[in-house]
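The values are calculated or read from the model by the stated rules, or taken from the named source; none is laboratory data. Bear in mind the structure is a predicted one, so any value in this text is a computation, not a measurement. Because the Cβ atoms are built from the backbone with ideal geometry, glycine has one as well, and the counts that use them run over all protein chains shown. We work out accessible area using only protein heavy atoms, side chains counted, and drop any ligands, DNA or RNA first. Shrake-Rupley method; radii C 1.70, N 1.55, O 1.52, S 1.80 Å.
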Amino acid sequence: MEVDGSASTVSRGAQSIPLQSRRQRAFYQFTQQSLPACKPVLTPAWVITTFLLVGAIFIPVGLITLHASQNVVEIVDQYDTECVPEAFKGNKVAYIKDNFISKNCSRYLKVYKHMKAPIYIYYQLDNYYQNHRRYVKSRSDQQLLHGLGYNDTSSCKPEESKNGLPTVPCGLIAWSLFNDTYTFIRGRTELKVNRKNIAWKSDRDHKFGKHVYPFNFQNGTLIGGGKLDPRIPLSDQEDLIVWMRTAALPSFRKLYGRIEEDLDADDVLLVNLTNNYNTYSFGGKKKIVLSTSSWLGGKNDFLGLAYTFVGSTSIFISVVFLLLHMKNPRTL
């Protein structure tokens with residue numbers, strides 16, 4: 001019985017040795033990168049063909065993308081300086097802070113090319129750093145969703161409360177809500193501006209409470225921006241929802257509304273606006289933008305130019321490689 005046991009042990013050991021040796025050999029091959037692998041030889045023909053193929057694909061894509069961007073009609077008008085009275089040109093901050101001075105202003109926009117509905121209305125702010133760390137953190141997502149039922153609003157400082165009462169919505173982002181307004185008149189008819197569904201549906205449904213109402217908002221001595229109707233829940237205050245989605249760059253556009261009728265070439269629009277928002281304190285700029293859209297979105301030539309540049313560069317490199325190969329062929 002003992003002999004049989006020892007024999008079986010030897011037999012099992014003899015079987016385990018090759019297995020362990022195979023594992024060691026495979027591990028050695030893996031660590032030394034000597035396992036079987038595809039190792040293509042980059043011949044001149046392969047390299048030249050690859051660059052030609054990249055150019056043949058990228059250039060048409062770039063031209064199509066650029067064409068789509070060029071078909072977008074866009075009107076941009078900067079009004080922050082033009083809407084300041086002559087008496088306050090040298091002191092714009094005093095003008096914007098004086099509540100007794102009228103902030104009404106009129107601008108004329110000429111349509112130079114037919115604009116097909118829907119026509120998107122944006123306001124554009126320049127030199128406005130919504131991505132500043134303290135600004136971005138000054139909000140309470142739980143309060144926006146649950147209202148006064150959520151008490152921990154320490155992240156909203158310094159706009160956490162006013163007169164001993166909590167503020168809904170709290171934080172610097174909501175406090176600085178953009179509050180310029182625009183109306184558009186063509187001829188003698190005022191164009192209807194649709195301001196519904198300008199915010200993301202996911203934000204309206206999941207980030208702003210349907211039963212959360214503004215409370216004690218903009219009641220301090222220092223008013224930052226627009227006020228909110230305390231009778232309308234936050235989920236329906238789409239101006240606020242759009243504004244609360246902070247921008248990553250110091251120049252940005254936010255959707256104000258849509259004109260849902262076509263504008264013809266040579267139409268002249270009278271824009272009656274209220275120049276309420278203070279960008280003069282930090283040297284910011286305000287613009288109003290009217291834009292159509294394409295299958296790629298708004299006007300942006302960068303993507304088309306980038307594709308075209310990469311494709312053209314690839315074609316150029318392939319031609320250079322071809323000439324070098326013809327002059328000094330390499331034998332494999």
Residues in the stretch 72-98 that are farther than 25 Å from Tyr122 by Cβ and assigned to a loop (DSSP other than H, G, I, E, B) total 5
Going by the structure shown, is Ile101 out of contact with any Cys (no Cβ under 6 Å at 6 or more places or on another chain), β-branched (Val, Ile, Thr) and in a loop (DSSP other than H, G, I, E, B)?
-> yes
When the stretch 144-157 is examined, which residues are found to be open to solvent by 70 Å² or more (accessible area, probe 1.4 Å) and either in a loop (DSSP other than H, G, I, E, B) or under 30 Å from Val271 (Cα atoms) (or both)?
-> Tyr150, Asn151, Asp152, Lys157
Residue list for the stretch 19-34, filter: over 46 Å from the mean Cα position of the chain (by Cα), of a type in the set (A, V, I, L, M, F, W, C) and either at pLDDT 80 or above or surrounded by 10 or more Cβ atoms within 10 Å (Cβ to Cβ) (or both) | Ala26, Phe27
Check whether at least one residue in the stretch 174-184 is touching a residue at least 24 places away in the same chain (Cβ under 8 Å), farther than 28 Å from Asp80 by Cβ and within 23 Å of the chain's Cα centre (by Cα), and report yes or no.
-> no
Working only within the stretch 296-312, note down all residues that are without any contact (Cβ under 8 Å) to a residue 12 or more places away in the chain and either open to solvent by 80 Å² or more (accessible area, probe 1.4 Å) or part of a helix (DSSP H, G or I) (or both).
-> Phe302
Among the residues of the stretch 275-291, is there at least one that is over 30 Å from Thr49 (Cα atoms) and without any contact (Cβ under 8 Å) to a residue 24 or more places away in the chain?
-> no
For the stretch 277-309, enumerate the residues that are on the phi > 0 side of the Ramachandran plot and over 21 Å from the mean Cα position of the chain (by Cα).
-> Gly283
Confirm whether Lys287 is open to solvent by 30 Å² or more (accessible area, probe 1.4 Å), at pLDDT 95 or above and touching a strand residue (DSSP E or B) at 6+ places or on another chain (Cβ under 6 Å).
-> yes
Would you mention how many residues in the stretch 36-49 are within 12 Å of Val319 (Cα to Cα) and open to solvent by 70 Å² or more (accessible area, probe 1.4 Å)?
-> 1
Do we find that Tyr122 is part of a strand (DSSP E or B), in contact (Cβ under 8 Å) with a residue 24 or more places away in the chain and crowded, with 16+ Cβ neighbours inside 10 Å in this structure?
-> yes
